[in-house]
1. Only one of these is assigned by TED's automatic domain parsing to the domain that holds GLU150, farther than 16 Å from GLU284 by Cα, out of contact with any helix residue (DSSP H, G or I) (no Cβ under 6 Å at 6 or more places or on another chain) and modelled with pLDDT of 95 or more: GLY103, GLY123. Name it.
2. For region 6-24, indicate whether the set of residues that are more than 26 Å from the chain's Cα centre (by Cα), modelled with pLDDT under 95 and of a type in the set (Ser, Thr, Tyr) is non-empty.
3. If you go through region 216-236, how many residues are closer than 21 Å to LEU110 by Cβ, touching a residue at least 60 places away in the same chain (Cβ under 8 Å) and either part of a loop (DSSP other than H, G, I, E, B) or of a type in the set (D, E, K, R) (or both)?
4. Can you name the residue in region 197-242 that is surrounded by fewer than 20 Cβ atoms within 10 Å (Cβ to Cβ) and polar (S, T, N, Q) and, of all such residues, is farthest from ALA52 (Cα to Cα)?
5. Looking at this structure, is ALA212 in the same structural domain as GLY295 (by TED's automatic domain parsing) and more than 30 Å from ALA390 (Cα to Cα)?
6. What are the pairs with Cβ atoms under 7 angstrom where one residue, in region 52-80, is touching a residue at least 12 places away in the same chain (Cβ under 8 Å) and in the same structural domain as ALA297 (by TED's automatic domain parsing) and the other, located anywhere, is of a type in the set (A, V, I, L, M, F, W, C) and assigned to a loop (DSSP other than H, G, I, E, B)? Sequence gap at least six, or different chains.
7. Please specify each residue of region 302-315 satisfying the condition of being under 14 Å from ASP21 (Cα atoms) and buried (at least 16 other Cβ atoms within 10 Å of the Cβ).
8. Please find, among ARG58, ARG66, ARG74, the residue that is at pLDDT below 95 and not in a strand (DSSP E or B).
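The values are calculated or read from the model by the stated rules, or taken from the named source; none is laboratory data. Being a predicted model, the structure only gives us computed values, none of them experimental. Cβ coordinates were reconstructed from backbone atoms using ideal geometry, including for glycine residues, and neighbour counts include every protein chain displayed.
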Amino acid sequence: MNAQTQSTATAGFDPARVRRDFPILHQQVNGHPLVYLDNAATTQKPASVIEAIANYYRHDNANVHRGVHTLSDRATQHFEQARLRVSGFINSPRPEQVIWTRGTTEAINLVADSWGRANLVPGDKILVSWLEHHSNIVPWQLVAAATGAEVIPVPVSESGDIDLAALDMLLDERVKMVAVNHVSNAIGTVNPVIEIVRRARAAGALVLVDGAQAVGHWAVDVQALDCDFYAFSGHKLFGPTGIGVLWGRESLLEAMPPFLGGGEMIETVSFAGTTFNSLPFKFEAGTPNIAGAIGLAAAIDYLDGIDRVAAAEHEAGLLAMTLELAADIDGLQRVGTPAHAAGIFSFLLAGSHPSDVGMLLDQQGIAVRTGHHCAQPLMERFGVPGTVRASYSIYNTHEDVTRLFEGIRKASSLFG
């Protein structure tokens, strides 16, 4: 390997220092130091995020927007400050365009149900790429069944890239929505979102982007992307589970009917009729995940303290090292070779089932994901039942990659 691959830190970024901020990484698993390579499923949390959540419960626990007492006032301030932090983080024109959800899945369901039921009619089309997570397929299937619309898959190439020529062929006046991920959770494809939006816009279609796998790796600017909706989850951004974000164009959100009914999303209620609250509260029925929002803001604060460009370069270096080492192992097949990939490496090992490889790696303290990764259509496209997936983040090191391949070589010797 070359000197660049062997380096332990990228200029302006030191993964060893970052690792010290994540308590869970400093433990033994099955008698070995933990190597956590399941970041596409969920990222670990820095101590500052854990403390922010604990401090809310220690000092400020109260419901928001409804109380006149001091605890409620403090909780509301922290909660709405968190919305402001997210708004700035994705460069939203206004914080009112940031809708709290339970995660990416709920955010996409909100758009499919609220916008879809109000706007789709029989004969309309929704384009969904073969790269999508089930969360960006099933909600569209449900609303299509309810409205008479049709879900059309957008092909991907042998490498795992969206076929833009095929997309152009599919885009016609009946296409009302294009749903696409920013990064494939299964094989790491980084989609050309700006180009996809441009082509969809020219055909008169809206674009929803599933950003769950992107926000943890680089800065996201919704205005630069020019998309209509952008969804992501806190737990893949070093924040807590159970909190997510839907960003949408203000005109679209204003026109959409409420998704859920109940407290907070109303202005007035009577048996003669109900009027609804303004944005963003129209879509936030019930007591929200206050601690989750505060934890997500703390995660954004943490990311603001590191050089994200250098961190992304470090992750790219980990993937480059991975591909070098993989080339030396007989029987190892990489699944998906996209032109531009995030730090995700999906593979198969000859003579073995992915779950067997995953369990053997776990015995050595190495956490990876196995299976279809909630992307069964993509697995069908590649003709495989599933893969072993190693996914990198800011706290992973070259030593982690070395440990991974020590484990893979052991699996190869056992199963080969």
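1. GLY123
2. Yes - at least one qualifying residue is present in region 6-24.
3. Residues flagged as closer than 21 Å to LEU110 by Cβ, touching a residue at least 60 places away in the same chain (Cβ under 8 Å) and either part of a loop (DSSP other than H, G, I, E, B) or of a type in the set (D, E, K, R) (or both) within region 216-236 amount to 2.
4. The selected residue is GLN223.
5. Criteria not met by ALA212.
6. Going by the 7 Å Cβ cut-off, the qualifying pairs are ALA75/ALA62; ALA75/VAL64; THR76/VAL64; PHE79/VAL64.
7. Once the filter is applied, which keeps residues that are under 14 Å from ASP21 (Cα atoms) and buried (at least 16 other Cβ atoms within 10 Å of the Cβ), region 302-315 yields TYR302, LEU303, ILE306.
8. ARG66
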